[in-house]
Amino acid sequence: MIIKIDNLDGIEVKQLLQEHHDDMLKHSPPESVHALDLSSLKLPEVTFWTAWISGQLAGCGALKQLDEKHVELKSMRTAQQFLRKGVAANILQHMLTTAKEQSFEKVSLETGTMDAFVPAQKLYKRFGFRECKPFADYQEDPYSMFLEKTFK
């Protein structure tokens, strides 16, 4: 698997992000979907990675810098044909390692509470994330779960 910073110009990447957004809308009302759009993922405070296996897009993820010590995990998605093959775990480990190397002290994320989000919740908790209160501009929402991981 090759994980690299991506400029989001490839059609495969755009399709995966559209699939991600459409899937979020299947499980949460629009006001509870916090996926970033393409232009937001291209902002300077966001670093976006893609994972590739044998030339095929396997998944993606991003980190959005909130301040000098805090980043938010965004846009984690595994392509359908690569589900349950370790793609998300590899991308997550790559981003956590990068965050730590860049001296960030905390990584936070928002994920859904519906059954469809249970695999993601389990993955994050396996990597040491713990439930927390809403952060940044998020508000309490029955469709949202907030998690954080700190580096010590």
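Please treat every number below as a calculation from the coordinates, not as lab data. Predicted, not measured: the structure shown is a model, and the values here were computed from it. When we count neighbours, we look across all protein chains shown, and the Cβ atoms used for this are built from the backbone with ideal geometry, even at glycine.
For Cα Rg over 2.2 N^0.38 Å, the value computed from the atomic coordinates appears in the list (1) 1.30; (2) 0.97; (3) 1.05 under label (2).
Considering only beta bridges that DSSP places wholly inside the chain, some 90 percent are antiparallel. Annotation for segment 90-125 versus segment 20-61: alpha-carbon center distance of 14 Å. Loop-located GluC sites (Glu not before Pro) in segment 28-83 (DSSP state other than H, G, I, E, B) with a sparse environment of at most 14 neighbouring Cβ atoms within 10 Å: 45, 68. Would you mind checking segment 10-43 for residues with the amide N under 17 Å from a putative spin-label position 7 Å along Cα→C-beta of residue 135? Backbone N within reach: 34-36. Partner aspartates and glutamates whose Cα lies under 17 Å from the Cα of residue 42, excluding those fewer than 8 positions away in the same chain, are identified as 6, 9, 12, 72.
Using a cutoff of 8 angstrom between alpha carbon atoms and counting only pairs six or more residues apart, the relative contact order for segment 2-150 works out to 20 percent. Of all lysines in the structure, those lying under 23 Å Cα to Cα from residue 125, and not within fewer than 8 positions of it along the same chain, are 64, 69, 74, 85, 100, 106, 133, 149, 152.
At 222 nm, what value in deg cm²/dmol follows for the chain if DSSP H runs of at least 4 each add -39500 (n - 2.57) and the sum is divided by all its residues, to the nearest 500? Numbers along the way, then the final one.
Numbers: 4 runs with 45 residues, N = 152.
Using -39500 (n - 2.57) per qualifying helix, the result is -9000 deg cm²/dmol.
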